[in-house]
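Worksheet: one structure, shown below.
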2 protein chains.
Amino acid sequence: MNTDTLSGQMIVREAEPLNIEMSFRTLDSLITPSERFFVRCHFPIPEIDVKTWRLKIEGSVEKPLALSYTELRQMESRTLTATLECAGNSRASLTPQPKGTSWELGAVGNAEWTGVPLAAVLERAEMKASAVHVIFTGSDQGEIAEPPRPAGEIQYSRSVPCDKALKDVLLAYQMNGEELTPAHGFPVRVIVPGWYGMASVKWLERIIVSDTPFTGYFQTIDYAFWDRRDGLPERVPITEMRIKAEIARPHIGEVVPAATAYRMHGAAWSGDAHIMTVDISDDAGATWHAARLLGSFMPNAWQLWEHTWQTPAQPGRRTLMARATDSCGHAQPSQHDDDCGSYLVNHCLPIEVEVR
Amino acid sequence: MNTDTLSGQMIVREAEPLNIEMSFRTLDSLITPSERFFVRCHFPIPEIDVKTWRLKIEGSVEKPLALSYTELRQMESRTLTATLECAGNSRASLTPQPKGTSWELGAVGNAEWTGVPLAAVLERAEMKASAVHVIFTGSDQGEIAEPPRPAGEIQYSRSVPCDKALKDVLLAYQMNGEELTPAHGFPVRVIVPGWYGMASVKWLERIIVSDTPFTGYFQTIDYAFWDRRDGLPERVPITEMRIKAEIARPHIGEVVPAATAYRMHGAAWSGDAHIMTVDISDDAGATWHAARLLGSFMPNAWQLWEHTWQTPAQPGRRTLMARATDSCGHAQPSQHDDDCGSYLVNHCLPIEVEVR
């Protein structure tokens, strides 16, 4: 399925469970409107009655809690802007085409999230000193089709280490100033700033504080990659977003006038670091030119950029690329790392256009 | 492929890489002769020149070592008897038939192993106090076909926690009093007593002492199962052998004379514990009768048993079962646990025979 909706601004990758991405060529603002923010579902969207909903906090805590929605809303709130990218975004650019939802460029968005800092809830529950990980469980559940898989239905679950949990994780009930919609995790979703979207568990119903790291399905079999130690590959959960720049315009296959000044633009982001440079190539990476960064740096939010491209006088095909560097010294690789499977696709993505 | 070799005593499951099992109905001794001991290979058997072979010990050690075969043979040796069962043994009894080598009852054997205690080698290398796991890497290597898989060729690797490493792990160079054959891991294989065979790495070439647990392919994706914590399945490496009794005779489909005294026999084993009882049913588990345990208890070795079965006067089909209990209070389950996938098949296996 590949049906455009919302006047071509969203692309439906799968209807059941719902998986839709923004048409990235329509990027036109720092904040992604909620109705244009990608939706990634593993299972059917759960129907939740907020009157009976409780957020359970249990495990290695002195005072297990079961917070009602009203109680959570009464706690001190915080608003932050955070970019979430699906760990499988841009999978469609891999050859041969791997299994999994075939995301192009739009499984990424940048929104304002309002909610209660996880640290405040953990403080109220009196987290024990022995704790090392905090596990989030959503109400969404279903069966995994392919082995190795647990028997029966499982709930979507993910964990973060305690230092991250206490630093900046948010239990969000608002997105861009309005209640979360069911597709975005109503009534409450986790926001893990700087991490790929799979960590920001939607439809949150249970927080389990754990004295050992968690090795659930969605961080060992799925949403994990191979990291090398002494040459030996080890299975490691996907966490922080890797540095990446994406070109919104021109889009793949766009026809661009020859010998003109064309405004190229897009966004770039990188986990906890901030974007230092974005460079543009119009010859498949042979030469590079600095793009302008727009606006000021916001932690955990993407950085918009633009570049005035003097298009060539000669008609023909051109391969455009964008390449970012960040404040931690990261740069985008030129090739996809096969140890990441069909995740963490952050190499310089070629955008082929026609100059006419 | 299902070709009998060695006069029907071995069954070839796969020729390349070599995977053969004992025809369990031929069980006739406490010690399994080496040529009737099952062979499990993941990759082609490596050709190793013992003159240039070195065993490297590295990682969290004060004195990294590279021991020659001669040096290893000069160290004080120890001999122990240990049963090794392939973690996928009896997979053929599962319905529907899962992927993977279709082992029946014979991917298990009991042998005498001679070699150097791993503890002595770790002492010589001066293992650091920060160490938590010891990783073994074999010379066998190849590509994994199915994702999630690391890129390129990988070497077979497995780890044990340090307490197990220091307790009773052996670096074996002899099996049943003779040099290891290439199929059994020449020049040196690890023996991890009480654990499934996948831990006893063959063609050992490297020991890496690690300050973190190891999450290699063969203990996260393969040779792992789902353990439940608060209802949440977690991926856990397969380690100790679970309690199990197998019937050697009669075999599936055997024709047994009516109204006679038939000598049933077989073997039973259980990780670190010793077998307390074996019970036999001739009515698919409705009623049970105690079998006799043969010989005395040997740590980590299987326990042979026999039972005089008064076969019924009425002809017809009968379903036989054996069920063991051990000194730690374990008993065999009646059903396979689907969270174990196609591994740890230790439920009471039905043996259907015909009384005539």
> If we only count strands (runs of 3 or more DSSP E) wholly inside the stretch A:161-229, which ones have 3 or more residues that are under 28 Å from B:T220 (Cα atoms)?
Replying inline: A:204-210, A:224-229
>> Only one of B:E58, B:E112, B:E71, B:E123 is over 25 Å from B:D140 (Cα atoms) and charged (D, E, K, R). Can you tell me which?
In response: B:E123
> Going by the structure shown, is A:E205 within 14 Å of another protein chain (Cβ to nearest Cβ) and farther than 30 Å from B:P213 by Cα?
Replying inline: yes
> Taking A:W226 and the conditions (1) in contact with a helix residue (DSSP H, G or I) (Cβ under 7 Å, 6 or more places away or on another chain); (2) within 10 Å of another protein chain (Cβ to nearest Cβ); (3) over 25 Å from A:C340 (Cα atoms), which numbered condition does it fall short on, given that it satisfies the others?
Replying inline: (3)
> Do you know which of the residues in the stretch B:235-278 that are in contact with a Phe, Trp or Tyr (Cβ under 6 Å, 6 or more places away or on another chain) and in a loop (DSSP other than H, G, I, E, B) is surrounded by the most Cβ atoms within 10 Å (Cβ to Cβ)?
Replying inline: B:M241
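Yes or no, residue by residue, for (1) under 17 Å from the mean Cα position of the chain (by Cα); (2) surrounded by fewer than 21 Cβ atoms within 10 Å (Cβ to Cβ); (3) not small (G, A, S):
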{"residue": "A:I144", "(1), (2), (3)": "no, yes, yes"}
{"residue": "A:P147", "(1), (2), (3)": "no, yes, yes"}
{"residue": "A:V160", "(1), (2), (3)": "yes, no, yes"}
{"residue": "A:N176", "(1), (2), (3)": "yes, yes, yes"}
{"residue": "A:V201", "(1), (2), (3)": "yes, no, yes"}
> Taking the stretch B:122-144 on its own, how many of its residues are out of contact with any Lys or Arg (no Cβ under 8 Å at 6 or more places or on another chain) and either within 30 Å of B:R36 (Cβ to Cβ) or within 14 Å of another protein chain (Cβ to nearest Cβ) (or both)?
Replying inline: 7
>> Which condition from (1) in contact (Cβ under 8 Å) with a residue 24 or more places away in the chain; (2) within 14 Å of another protein chain (Cβ to nearest Cβ) is the one that B:I243 breaks?
In response: (2)
> How many residues does the stretch A:224-279 hold that are among the basic types (K, R) and touching a His at 6+ places or on another chain (Cβ under 9 Å)?
Replying inline: 4
>> For the stretch B:93-121, which positions are part of a loop (DSSP other than H, G, I, E, B) and either basic (K, R) or more than 14 Å from every other protein chain (Cβ to nearest Cβ) (or both)?
In response: B:T95, B:K99, B:T101, B:S102, B:W103, B:E104, B:L105, B:G106, B:A107
>> Which condition from (1) out of contact with any Gly (no Cβ under 8 Å at 6 or more places or on another chain); (2) in a strand (DSSP E or B); (3) closer than 17 Å to B:S29 by Cα is the one that B:T308 breaks?
In response: (3)
> Of all residues in the stretch A:63-92 being part of a helix (DSSP H, G or I) and of a type outside the set (V, I, T), which is nearest to A:I11 (Cα to Cα)?
Replying inline: A:A92
> When the stretch B:340-356 is examined, which residues are found to be surrounded by 18 or more Cβ atoms within 10 Å (Cβ to Cβ) and either within 13 Å of another protein chain (Cβ to nearest Cβ) or more than 19 Å from B:A290 (Cβ to Cβ) (or both)?
Replying inline: B:C340, B:G341, B:S342, B:Y343, B:L344, B:V345, B:N346, B:H347, B:V353, B:V355
> Hey, any hits in the stretch B:20-41 for a residue that's assigned to a loop (DSSP other than H, G, I, E, B), among the polar types (S, T, N, Q) and more than 20 Å from the chain's Cα centre (by Cα)?
Replying inline: no
> Consider B:R124 against the criteria (1) among the basic types (K, R); (2) under 18 Å from the mean Cα position of the chain (by Cα); (3) within 17 Å of B:L55 (Cβ to Cβ): it satisfies all of them except one. Which criterion is unmet?
Replying inline: (2)
> Taking the stretch A:78-101, which residues are surrounded by fewer than 20 Cβ atoms within 10 Å (Cβ to Cβ), out of contact with any Asp or Glu (no Cβ under 7 Å at 6 or more places or on another chain) and touching a residue at least 40 places away in the same chain (Cβ under 8 Å)?
Replying inline: A:R78, A:L80, A:S93, A:L94, A:P98, A:K99, A:G100
> Among the listed residues B:P257, B:P213, which satisfies the condition of being touching a Ser or Thr at 6+ places or on another chain (Cβ under 8 Å) and within 14 Å of chain A (Cβ to nearest Cβ)?
Replying inline: B:P213
>> Contact list please: Cβ distance under 6 Å, first residue in the stretch B:3-14 and assigned by TED's automatic domain parsing to the domain that holds B:W103, second residue part of a helix (DSSP H, G or I) and modelled with pLDDT of 60 or more, pairs at least six apart or on different chains.
In response: B:Q9/B:T26; B:Q9/B:R36
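The values are calculated or read from the model by the stated rules, or taken from the named source; none is laboratory data. Source: prediction; values computed, not measured. Ideal geometry is used to build each Cβ from the backbone, glycine not excepted, and the neighbour counts take in all protein chains shown.
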